[in-house]
């Protein structure tokens, strides 16, 4: 298997930029994909944590009944963090760009 294909698979199945760093040995290029993806992923996880904390407080106080369907509906409506949609698109763009970059990289003979 070609090095560029291995790098694309690792970047696609693992994390953006990981294939560039591990297989192609291009640390700066890998970090160019990894750092924005990590920042956006952290932002998204913080938003999920905040929404879950609000729902947990409601459930523990008794204002939210223990109905799984109702909890799921409230969780989808509880998007507290602004820009989560844009953050998701940025994460997707980093992922796709990392795969494409790895595939377009020429293998060393």
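The values are calculated or read from the model by the stated rules, or taken from the named source; none is laboratory data. Remember, it's a predicted structure, so these values are computed and weren't measured experimentally. Positions of Cβ are generated from backbone atoms using ideal geometry, with glycine treated the same way; all protein chains shown enter the neighbour counts.
Things to note:
- Residues in segment 23-42 that are crowded, with 16+ Cβ neighbours inside 10 Å, over 10 Å from residue 98 (Cβ atoms) and touching a helix residue (DSSP H, G or I) at 6+ places or on another chain (Cβ under 7 Å): 6 in all.
- Cβ-Cβ under 9 Å pairs, at least 6 apart or on other chains, segment 46-63 side within 16 Å of residue 84 (Cβ to Cβ), far side modelled with pLDDT of 85 or more and assigned to a helix (DSSP H, G or I): 47/87
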